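One structure below.
The values are calculated or read from the model by the stated rules, or taken from the named source; none is laboratory data. In this text, all values refer to a predicted model and were calculated from it rather than measured experimentally. Note that we place each Cβ from the backbone using ideal geometry, even for glycine, and neighbour counts take in every protein chain shown. Surface accessibility is based on the protein's heavy atoms, side chains included, excluding ligands, DNA and RNA. Shrake-Rupley method; radii C 1.70, N 1.55, O 1.52, S 1.80 Å.
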Amino acid sequence: QISEPYARTLSNVLPGRHTCKSDAKPSRGIIGRMKTPMRLAVVAACASVLATACATSRVSERVDASSLAMQCGMLIDGIADAPQREVTIVIRSGKVERIEPGRKTPRGLPVLDLAGYTCLPGLIDMHTHITERPEDTADLRVYLRRSPAEQFALAREFAAATLLAGFTTVRNVGVYQAWGDRTLRDAINRGEVAGPRMQVVGYYLTIPGGGGDLLIPGVPEADIPPSLRRGVARGPEEFRARAQAALEGGADLLKIIASGAVLAYGGVPGEPEMTPEEIAAVTAVAHAAGRKVAAHAHGARSIKEAILAGADTIEHASLIDDEGIALARARGVALSMDIYNGGYIDTEGRKQGWPEEFLRKNAETTEAQRQGFTRAHAAGVTIVYGTDAGVYPHGLNARQFKIMVERGMTPMEAIKSATSVAARYMGWSDRVGELTPGRFGDVIAVKGDPLADVQRLQDVAVVVKGGMIFKR
């Protein structure tokens with residue numbers, strides 16, 4: 001049900017070309033009970049369906065709710081090094097059908113007039129924790145009290161915020177509550193929740209007491225539910241079994257904690273936790289199934305061990321040395337370096353009362369990571385866009401573009417790291433990351449030129465996912 005005020009906004013989708021009225025009464029039902037980000041996303045999705053259905057009834061029975069044309073003032077397609085001016089993207093049945101020069105008005109399709117806007121592929125964040133929120137870091141005991149249903153209620157809000165920020169695809173690389181990300185992914189895929197396309201890991205693969213093990217000072221280990229420690233293992237055989245169970249349970253990739261973590265008790269970010277043999281056992285299982293491995297590794301030694309053992313991406317890479325940089329380039333391994341959130345942790349984390357140990361380790365790694373980013377980029381190492389969303393509030397994902405440009409990337413390189421380059425390392429180049437025929441119709445638009453000011457990506461005006469308008 002959509003209330004009359006929302007129904008009246010449908011005329012914005014096809015200005016001057018149709019009249020669409022609603023007999024629905026204002027509702028206090030499920031939409032009314034949703035929190036604002038989710039409610040806006042659902043209303044936008046429903047508006048897209050109704051607007052296109054209205055147009056369909058007048059012009060063509062073959063047009064569905066995931067077909068439209070977008071007249072873009074400028075296009076960054078995710079592949080080319082230079083933008084195109086004045087093009088029309090034609091999306092039919094959820095996929096890009098063609099891109100034509102000039103402002104075209106294909107018969108039978110709703111049209112979005114985006115003169116003055118730049119269209120881009122939906123953005124990709126390669127490192128999120130979409131079921132979690134930063135304020136919970138102040139007291140990790142919240143995970144002992146929160147039920148799966150409560151966690152899901154939060155997660156659907158975070159998914160909506162991420163989508164409305166222009167990130168139409170994410171890799172979720174860790175949850176404390178096992179399979180919370182799978183539940184969200186499946187609900188999105190069924191159309192029950194507004195959110196990005198997701199690849200999920202299901203749970204961390206970590207040693208006892210490691211960076212992915214939820215052990216909390218003052219809480220007896222026996223009081224930690226098994227569902228929060230499902231990926232804890234020791235030795236290659238145990239890790240092999242946990243990895244296989246994750247894939248059989250529905251994981252799209254595997255996440256290992258190779259070194260100590262910043263936001264975990266007891267670990268030292270620069271010190272190894274998993275052995276090379278344990279890492280190799282996990283990568284063997286993943287690659288045999290055609291899946292990838294993301295390796296959390298802050299320390300220089302763990303970075304190199306993970307690369308040599310077959311990891312596909314290195315997450316954080318905070319203390320990478322020149323040998324690790326050379327090895328990553330030689331092996332074609334990408335770095336996912338979350339160089340925005342260190343500043344957030346240092347300011348907002350202090351305000352929220354995060355543990356002093358976490359704040360200290362963050363201060364010890366933030367600037368080193370940013371310097372490593374600059375050196376790695378200069379050396380030609382592939383860097384994908386990964387932010388650690390969940391450490392900072394979801395929906396702020398685009399803030400990292402500015403830091404990436406300040407630390408050596410051009411705006412186009414930064415955009416590609418979040419589009420075609422990210423899609424390649426996800427194994428989804430045939431689906432997302434570029435605006436070419438056959439890919440999903442995932443398109444965002446921002447006012448003006450993000451190549452002149454990359455911070456424009458922080459204010460996404462239009463979000464289309466699979467040809468459906470979620471933000472207008």
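I want to confirm something. Restricting to segment 290-303 and keeping residues that are under 23 Å from the mean Cα position of the chain (by Cα) and surrounded by fewer than 22 Cβ atoms within 10 Å (Cβ to Cβ), which single residue is farthest from GLY386 (Cα to Cα)? I'd like the intermediate steps shown before the answer.
Of all residues in segment 290-303, those under 23 Å from the mean Cα position of the chain (by Cα) come to 290-298, 303.
This time we only want the ones that are surrounded by fewer than 22 Cβ atoms within 10 Å (Cβ to Cβ), so: 290-292.
Numbers: GLY290: 22, ARG291: 19, LYS292: 16 Å.
Checked segment 290-303; the qualifying residue farthest from GLY386 (Cα to Cα) is GLY290.
Would you call TYR392 surrounded by fewer than 24 Cβ atoms within 10 Å (Cβ to Cβ) and modelled with pLDDT of 95 or more? Step through it out loud before you land on a result.
Numbers: surrounded by fewer than 24 Cβ atoms within 10 Å (Cβ to Cβ): yes; modelled with pLDDT of 95 or more: yes.
So TYR392 fits the description; yes.
Run HIS287 past the list (1) in a loop (DSSP other than H, G, I, E, B); (2) open to solvent by 40 Å² or more (accessible area, probe 1.4 Å) and report the number of the one that doesn't hold.
(1)
I'd like the full set of residues that are farther than 15 Å from LEU215 by Cα and either modelled with pLDDT of 95 or more or basic (Lys, Arg) (or both), limited to segment 136-148.
Step one: filter segment 136-148 for residues farther than 15 Å from LEU215 by Cα, giving 146-148.
Once the filter is applied, which keeps residues that are farther than 15 Å from LEU215 by Cα and either modelled with pLDDT of 95 or more or basic (Lys, Arg) (or both), segment 136-148 yields only ARG146.
Considering only residues that are open to solvent by 50 Å² or more (accessible area, probe 1.4 Å) and part of a loop (DSSP other than H, G, I, E, B), which ones fall in segment 230-272?
The answer is ARG230, ARG234, TYR265, GLY266, VAL268, GLU271.
Report whether or not GLY342 is more than 23 Å from the chain's Cα centre (by Cα) and among the small types (Gly, Ala, Ser). Please lay out each step first, then the result.
Values: more than 23 Å from the chain's Cα centre (by Cα): no; among the small types (Gly, Ala, Ser): yes.
No.
Quickly run through segment 414-433 and pick out the residues that are open to solvent by less than 30 Å² (accessible area, probe 1.4 Å), outside any helix (DSSP H, G or I) and in contact with a helix residue (DSSP H, G or I) (Cβ under 8 Å, 6 or more places away or on another chain).
Result: ALA418, VAL432, GLY433.
Only one of GLU278, GLU315 is open to solvent by less than 10 Å² (accessible area, probe 1.4 Å) and more than 23 Å from TYR385 (Cα to Cα); which? Spell out how you get there, then give the answer.
Details: GLU315 fails: more than 23 Å from TYR385 (Cα to Cα).
It is GLU278.
Determine whether segment 351-362 contains at least one residue that is closer than 15 Å to GLY211 by Cα, among the hydrophobic types (A, V, I, L, M, F, W, C) and either surrounded by fewer than 16 Cβ atoms within 10 Å (Cβ to Cβ) or more than 23 Å from the chain's Cα centre (by Cα) (or both).
Yes, that holds for at least one residue.
Looking at segment 178-208 only, could you name the residues that are open to solvent by less than 30 Å² (accessible area, probe 1.4 Å), more than 20 Å from ALA311 (Cα to Cα) and assigned to a loop (DSSP other than H, G, I, E, B)?
Selection gives ALA178, TRP179, VAL193, ALA194, GLY195, PRO196.
Given the conditions (1) within 26 Å of GLY267 (Cβ to Cβ); (2) of a type outside the set (Ser, Thr, Tyr); (3) in a loop (DSSP other than H, G, I, E, B); (4) over 18 Å from the mean Cα position of the chain (by Cα), report the number of the one that GLY174 does not fulfil.
Of (1) within 26 Å of GLY267 (Cβ to Cβ); (2) of a type outside the set (Ser, Thr, Tyr); (3) in a loop (DSSP other than H, G, I, E, B); (4) over 18 Å from the mean Cα position of the chain (by Cα), only one is false for GLY174: (4).
On the given criteria, is VAL142 in contact with a helix residue (DSSP H, G or I) (Cβ under 6 Å, 6 or more places away or on another chain), over 29 Å from GLY467 (Cα atoms), aliphatic (A, V, I, L, M) and free of Cβ contacts under 8 Å to residues at least 24 places away in the same chain?
Numbers: in contact with a helix residue (DSSP H, G or I) (Cβ under 6 Å, 6 or more places away or on another chain): yes; over 29 Å from GLY467 (Cα atoms): yes; aliphatic (A, V, I, L, M): yes; free of Cβ contacts under 8 Å to residues at least 24 places away in the same chain: yes.
Taking the combined requirement at face value, the residue satisfies it.
Take the residues of segment 150-177 that are among the hydrophobic types (A, V, I, L, M, F, W, C) and open to solvent by 20 Å² or more (accessible area, probe 1.4 Å): which is nearest to ASP136 (Cα to Cα)? If you could, list the steps in order and put the result at the bottom.
In the first step, residues of segment 150-177 are kept if they are among the hydrophobic types (A, V, I, L, M, F, W, C); the result is 152-155, 158-161, 163-165, 167, 170, 173, 175.
From the residues that got through so far, the ones that are open to solvent by 20 Å² or more (accessible area, probe 1.4 Å) too are 152-154, 158, 161, 164.
On the way: PHE152: 15, ALA153: 15, LEU154: 12, PHE158: 14, ALA161: 18, LEU164: 23 Å.
This residue is LEU154.
Quick one: would you say ILE79 is touching a residue at least 12 places away in the same chain (Cβ under 8 Å), open to solvent by less than 10 Å² (accessible area, probe 1.4 Å) and under 25 Å from the mean Cα position of the chain (by Cα)? Break it down stepwise before answering.
On the way: touching a residue at least 12 places away in the same chain (Cβ under 8 Å): yes; open to solvent by less than 10 Å² (accessible area, probe 1.4 Å): no; under 25 Å from the mean Cα position of the chain (by Cα): yes.
No: the conditions fail for ILE79.
Which of the residues spanning segment 432-464 are touching a Gly at 6+ places or on another chain (Cβ under 7 Å) and farther than 22 Å from LEU396 by Cβ?
Scanning segment 432-464 gives GLU434, LEU435, PHE440, GLY441.
Could you list, ordered by first residue, the pairs with Cβ atoms under 7 Å in which the first is in segment 146-175 and more than 24 Å from ALA461 (Cα to Cα) and in contact (Cβ under 8 Å) with a residue 40 or more places away in the chain and the second is buried (at least 19 other Cβ atoms within 10 Å of the Cβ) and among the aliphatic types (A, V, I, L, M), at least 6 apart or interchain?
ASN172/ILE130; ASN172/MET198; ASN172/VAL200; ASN172/VAL201; VAL173/VAL201; VAL173/ALA294; GLY174/VAL201
If I filter segment 442-472 down to residues being within 17 Å of the chain's Cα centre (by Cα) and in a loop (DSSP other than H, G, I, E, B), which single residue comes out as farthest from HIS287 (Cα to Cα)?
As a first pass, look at segment 442-472 and keep what is within 17 Å of the chain's Cα centre (by Cα): 442-444, 457-460, 463-466, 470.
The next check asks that each one be in a loop (DSSP other than H, G, I, E, B); those that pass are 442, 459, 466.
Values: ASP442: 28, ASP459: 38, GLY466: 29 Å.
Here the answer is ASP459.
Of the residues GLY467, GLY438, only one is farther than 23 Å from TYR340 by Cα and open to solvent by less than 10 Å² (accessible area, probe 1.4 Å); which? So that I can check it myself, show each step before the final result.
Working: GLY438 fails: open to solvent by less than 10 Å² (accessible area, probe 1.4 Å).
After ruling out the rest, the residue left standing is GLY467.
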